[in-house]
């Protein structure tokens, strides 16, 4: 069966259903509270699954960047591994290699890896 034949049958069925008569005046419409009761959980689920996790991750990333200090190792969103040499308001000056320093935006930082702390003494 071709698509045009199927479409024509669907249009004819729709026209026949509307031509059969107007909906009965005694048929009640869906109450507003039932519609709200249906949509409220769906909106809440969408918030919990999509919006809230993204805002929590963004807040965590912002706090991590605020806590970054000189000597921390970072990875940029483009995959460059470097060490912070200076912290400014919106940028970092980072050391990429010997005698190579660049200035990058804080928003370009993907991960902050803390500087390696002194190893803890082994327990006897």
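The values are calculated or read from the model by the stated rules, or taken from the named source; none is laboratory data. Source: prediction; values computed, not measured. Every residue, glycine as well, gets a Cβ built from its backbone with ideal geometry; the counts of neighbours run over all protein chains shown.
Annotations for the structure displayed:
- Residue check for residue 75: surrounded by fewer than 12 Cβ atoms within 10 Å (Cβ to Cβ) and at pLDDT 95 or above: no
- Figure legend. Inter-residue proximity from the range 44-66: first residues assigned by TED's automatic domain parsing to the domain that holds residue 84 and within 18 Å of residue 76 (Cβ to Cβ), second residues at pLDDT 95 or above and surrounded by fewer than 11 Cβ atoms within 10 Å (Cβ to Cβ), beta-carbon distance below 8 Å, spacing 6+ or different chains. No pairs are indicated.
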